[in-house]
1. If each label sits 7 angstrom from Cα along the C-beta direction, how far apart, in nm, is B:Val72 from its counterparts in the other copies?
2. If the only charges are +1 at each Lys and Arg Cβ and -1 at each Asp and Glu Cβ, what is the size of the charge dipole of chain B around the Cα centre, to the nearest 20 debye?
3. Quick one: with label points 7 Å out along Cα→Cβ, list the inter-copy distances for B:Asn193 in nm, shortest first?
4. Tell me, what HN-Hα J-couplings in whole Hz come from the Karplus equation 6.51 cos²θ - 1.76 cosθ + 1.60 at θ = phi - 60° for each residue of the range B:261-274, using x for Gly and Pro?
5. Could you tell me the distance between the Cα centroids of the range B:165-189 and the range A:141-185, to the nearest Å?
6. Which far-off residues, 5 or more places away or on another chain, put their amide H under 5 Å from the one on B:Leu84, with H placed in the peptide plane?
7. Computed over the Cα atoms of the range A:129-274, what is the convex hull's projected area averaged over all directions, in nm²?
8. Counting alpha carbon pairs within less than 8 Å and at least 6 residues apart, what relative contact order, in whole percent, applies to chain A?
Protein chains: 2
Amino acid sequence: MTAAVTSAQPVLLVDGVPSASVPADDRGFLYGDGVFRTLRMVAGKPLWWLEQIAKLSEDASRIGLAAPDPAVLSGDLQHLPAQLSDGVLKLILTRGSGPRGYQPPAAQSVRRLVVFDATPVSSQQSSDLWVRICSLRLGWQPRLAGIKHLNRLENVLARSEWSAPDIHEGLLLDHAERVISGVMSNLFIWHCNRLLTPRLDQCGVAGVTRGRLLRLAREQGVDVEETDLNMQAVLEADEVMLTNSVMGLRRVARLESKNWPDPVISPRLVEWLNA
Amino acid sequence: MTAAVTSAQPVLLVDGVPSASVPADDRGFLYGDGVFRTLRMVAGKPLWWLEQIAKLSEDASRIGLAAPDPAVLSGDLQHLPAQLSDGVLKLILTRGSGPRGYQPPAAQSVRRLVVFDATPVSSQQSSDLWVRICSLRLGWQPRLAGIKHLNRLENVLARSEWSAPDIHEGLLLDHAERVISGVMSNLFIWHCNRLLTPRLDQCGVAGVTRGRLLRLAREQGVDVEETDLNMQAVLEADEVMLTNSVMGLRRVARLESKNWPDPVISPRLVEWLNA
């Protein structure tokens, strides 16, 4: 096995060809007209690849974009330098270039981007999370809810609310004061032997790790529900956890002034996810 | 005077330098983390330049972006080919490049784009508008309301609802059924000698032409109000008008099955705008 590349300079492919830039008339740039996935690559393999590209295609179709054949996306990975091993892989699909204006071009040509970042993600792997509550409230847009699209200004503004390095994540509520997610993660709570996660029918991003955990927990006979959660329900939970495809599942040790000193169910959920 | 360039190929400047592309790690591309203005250039001069760059700076500061000095933006225009005369100018500011993640880099380096499109805009100049009502409902996000930012998927989805070339524009309502704007324009109605336009406190883009018209009409002693409008108020109006910085002000001749055969106040408003 070759040593992991740790160069901080990301590797980029545009439509399978090495390139450091995108055309300035790309609709992803002009309008955020595209979708993406962020996932881990471990020992040269992208984790949960089939689920990732299935969700990418589903999200693309929600905004009227025909995703490329999975074989094309897999083929792009073959053009990454062979020595790349561990890091974060980002897949982006945009509606490509076209004439000026919001109207999607009649003949759409989807543009594919692959970004590989070898910056190590393992440093904080074993630590529990310290979390704050964001003051930004997510807006509702059922047409875009659940989709990982390129319109991410709410996340940027929410992530701008803190810079303290000991705070790992911020919780996002919607304007009805429902808790929806973290800025870059999905939320789960464990309470009275039930696994609960926010419904994402009005806002939020439905991550692949979230989907996997919901499925695996149901298969294990756990009582699972997607529901509305307020902050009180989160604070009273036996355990609070956050998931995304880069960090996997991690427990919250502290949320503002509330502490959860010991794991309850999280080690078992991590085991199911990694099985 | 030199002949107008009619090449369909837009002219591009990135940070004042001719370039057809942007770095793929630009936060405008990755997150829609930026703001823009679209304006007309007539006989080599950008229309309402000072108002445009003032609004660009104001929008930038709303998302925590320090806009360049106006002299820098004016300086960029000096790098456009001298023979460019009439067309559409787009100014884009993004939060530049940075490490992976939503958090804005500590040392922000704003990236400037200038796009000049010489495609003629005058062809439909004198015609009245035919308008439809979009089924997409705008979501509320007061933190982004009024700003012309790069998160424009709602506009893209709304504009995808029709392709008939005789329909010029679609009206957008919010999920409280308030009429907010057109997909690419602001809305005004004239009713009982009053000029009304939707409040943009929860969604919508506050255009420079809208701002100019509000100010000029007030100066002329017109009773002007930014208020909540429902569809009935629009349909019962004496005249309905749409504005943006490319087409200026144009009257609506038809909205779904409702017709307004004759102008009422629009010729005078056009006169004020062009004075």
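Since every read-out is calculated from the coordinates, none of them should be taken as a lab result. No experiment lies behind these values; they were computed from the predicted model shown. Methodologically, a virtual Cβ is constructed for each residue, glycine included, from the backbone with ideal geometry; neighbour enumeration extends over all protein chains shown.
1. Between copies, matching label points for B:Val72 lie 3.8 nm apart.
2. Approximately 460 debye in magnitude.
3. Once sorted, the set of distances for B:Asn193 reads 7.6 nm.
4. x, 10, x, 10, 10, 4, x, 5, 5, 4, 4, 4, 4, 8
5. 28
6. Long-range HN contacts for B:Leu84: none found.
7. 8.2
8. Working: 537 pairs, mean separation 50.4, N = 275.
Worked out over chain A, it gives 18 percent.
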